[in-house]
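I have placed the structure first, in the form of structure tokens, so that the comments after it can refer back to it.
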Amino acid sequence: MHKATLWDRFGKVDANQDKVYTILRVLQFGTWSDFLELQEEYWMDEILLVAKENYFNLDDLTRNFLNIKYGLDLPLKWTLNEITSGYSLRFQEEIFVR
């Protein structure tokens, strides 16, 4: 795993005790090779469960990847432009009923 991914606790991470921290950090900031290494350490069901229970700590890019790749339904945040205009370019639909 890249040092930059776990920069603040590198070398001090316990796989069992710091499972949520490690999974979220790799999902949010890790590379593809970090993600593959994560899958060697934890079952995919564990990774997806942590993502579902802590989705609010993940950015939209990560949520969207997990939604598409693994069929999850993690909510995406509305951007300021979508909120103020009432229209979503990503979803091509009106987001507010007037």
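Below is a table of values for the structure above.
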{"item": "Residue match in segment 9-27 (condition: open to solvent by 50 Å² or more (accessible area, probe 1.4 Å), β-branched (Val, Ile, Thr) and in a helix (DSSP H, G or I))", "result": "yes"}
{"item": "Residues located in segment 66-82, provided they are surrounded by 15 or more Cβ atoms within 10 Å (Cβ to Cβ), modelled with pLDDT under 90 and part of a helix (DSSP H, G or I)", "result": "GLU82"}
{"item": "Failed item, numbered, when LEU6 is tested on (1) modelled with pLDDT under 90; (2) in a helix (DSSP H, G or I); (3) touching a helix residue (DSSP H, G or I) at 6+ places or on another chain (Cβ under 7 Å); (4) crowded, with 18+ Cβ neighbours inside 10 Å", "result": "(2)"}
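The values are calculated or read from the model by the stated rules, or taken from the named source; none is laboratory data. Quantities reported herein were computed from a predicted structural model and do not represent experimental measurements. Glycine also receives a Cβ, built like all others from the backbone with ideal geometry; neighbour counts cover every protein chain displayed. What goes into the accessible areas is simple: the full protein's heavy atoms, side chains included, and nothing from ligands, DNA or RNA. Shrake-Rupley method; radii C 1.70, N 1.55, O 1.52, S 1.80 Å.
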